């Protein structure tokens, strides 16, 4: 198997590239998979993106992202469900079987983490069967606890699995992303738990570098630049039976300021150096 | 019991106040306890501080901080142990029974969280008996997982208790700080675990506000301004048998830019409003 056989580049890593530039660069560098985001797909056009991807034989490993299920207001909840049904349809059209979910933070003024997590379960109950009918699995992504208030009240794999296991694995599983879980000594056991029921729906990599930037959104480090032992986490998901794509998803102002092709080439080389060999 | 009977102001919250200003403001506002930091104590003088505090009848609830045990280099480790023995002596001289420990991050270039945590255990084994002879208990403070790389590899109460329980409770316990654990749905059970063996050595409050500032050190929110339900966490520690001081420890550039007495008065009022009544 080639060094890059399981490699997928998440589009956000090189968001300075247009959709055709991204596809061209992947073909040129031998990158077989891409993780796409809804906004650039919609900008380029869903049908146009699907055609572009299919023409080149690239695999769409995930679509990011659905979610944001924690609103209390009924109209807002209804809008979120409608939008997530559309995301499921888009994932199916793009030929990926995985829609990544970022669950949402606390509603303004609320301090009720438990209630917010329950509302996520309610939404999954409505969306799971719809996703399955479209051949799409929902992947709950636990986000690092530093996002618990304003972005995602699901902070650990354990919490994500507590939610996912209420539903069939064909409908709901989890996203394992090193950036969010690397500090957690219980995560390896939770990866095993996820693997045992076929719920590792995607495996993503980013490295942990400090200092964190203001707002802590755009400081995900290039593979090899930070504190995370990528081989160790690859070992955990493989021991749990995961043999699927390995997607590198970096949000990083410094990388975005550089030439996108150069960043993709660098990321590809880092993947081989720090993950595969 | 008065509303302020259990209130303690951590010195860092109002670091713009000199030691005599802090003591005066506490006496004036009826604040019975203070948590001190080693650097301002050393600046004012250990003996001078001890005398100032004793003359006013204030209680020193904690001394912050010892720790930084994760170095691999033997000389650096030796220096850390020497410094921590001095911190224990200072705590005893100031009349507090609790030295708060921030354990330290990963050594430069290391990705080995497990090894770093083991080195903390080694240090505790050396320091615990020394602390006990001085009537001082060591309180391992789990810091929020966003500090795992560069400040503290102990990220959860569970990890802190796994370390503490290797030693007698009279030597080593934990610091429960809402800022660091509020997102963790397993923390209430870990507080019960800590209480059952008498290991809740201090209970500290800070609120979670966003966006986090660059470097994420100085964004701890004033009580009531953020996402944390303070009464709920007070309930957890009380259900676990903790009846000791409740210390408010805020690192916040905006608070530091204001008049220190005004901030202390505001913090006292917030404590009554959001914690006691």
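Laboratory data are not the source of any read-out in this text; all were calculated from the coordinates shown. What you see is a predicted model, and the numbers here were worked out from it, not measured in a lab. We place every Cβ from the backbone using ideal geometry, glycine too, and count neighbours over all the protein chains shown.
Extending 7 Å from Cα along the Cβ direction at residue B:114 and again at residue A:197 yields two label points whose distance is 2.6 nm.
Taking other Cβ atoms within 10 Å as a rough exposure proxy, A:26, B:64 sort from fewest to most as A:26, B:64.
Estimated from the Cβ-Cβ distance and a Förster radius of 35 angstrom, the FRET efficiency linking residue A:1 and residue B:214 is about 0.25. The alpha carbons of the range A:7-276 occupy a box of 46, 41, 37 Å along the principal axes, longest dimension given first.
Taking the fewest neighbouring Cβ atoms within 10 Å as the starting point, the ordered list for B:186, B:70 is B:186, B:70.
In plain terms, the chain from residue B:243 to residue B:54 could stretch by 65.8 nm, reckoned as 0.36 nm per residue minus the Cα-Cα distance. The slack in the chain from residue A:257 to residue A:93, taken as 0.36 nm per residue of separation less the alpha-carbon distance, amounts to 55.9 nm.
Label-point spacing at residue B:198 relative to the other copies reads 5.3 nm, in ascending order, each point sitting 7 Å out from Cα along Cα→Cβ. Stretching the chain fully between residue B:28 and residue B:47 yields a gain of 4.5 nm (0.36 nm per residue, less the alpha carbon separation).
With both residues required to sit in the protein assembly as shown, DSSP beta bridges show an antiparallel share near 10%. Exposure proxy for A:53, A:228: other Cβ atoms within 10 Å of each Cβ, ordered fewest to most, give A:53, A:228.
With label points defined 7 Å past Cα in the direction of Cβ, position residue A:108 shows copy-to-copy spacings of 4.6 nm, given to one decimal and shortest first. Across A:130, A:147, A:44, mean-square fluctuation computed from a Gaussian network of chain A (C-alpha pairs under 10 Å connected) peaks at A:44.
Plugging the Kirkwood radius over Cα pairs into Stokes-Einstein for the range A:179-277, at a temperature of 10 °C and a viscosity of 1.306 mPa s, what D comes out in µm²/s? Result for D is 111 µm²/s. Between residue A:121 and residue A:185, the FRET efficiency estimated from the beta carbon spacing at R0 = 35 angstrom works out to 0.85.
Between the range B:1-65 and the range B:252-277, the alpha-carbon centres lie 15 Å apart. Normalise the Debye intensity by I(0) for the protein assembly as shown, one equal point scatterer per Cα, no solvent, then take log10 at q = 0.06, 0.08, 0.13 Å⁻¹ and round to two decimals. Log10 I(q)/I(0), no solvent term: -0.32, -0.57, -1.26. How would you classify the range A:101-231 from its alpha-carbon gyration tensor, with a ≥ b ≥ c the square roots of the eigenvalues: rounded for a/c under 1.5, else prolate if a/b is greater than b/c, otherwise oblate? Because a/c hits 1.5 or more and a/b fails to exceed b/c, the range A:101-231 counts as oblate. DSSP finds beta bridges in chain A, and of those with both partners inside it, around 10 percent are antiparallel. Per-residue ellipticity at 222 nm, computed for the protein assembly as shown from helices alone with -39500 (n - 2.57) per DSSP H run of at least four residues, works out to -13000 deg cm²/dmol. Distances between equivalent label points of residue A:81 across the copies, with each point positioned 7 Å along Cα→Cβ, amount to 6.3 nm, shortest listed first.
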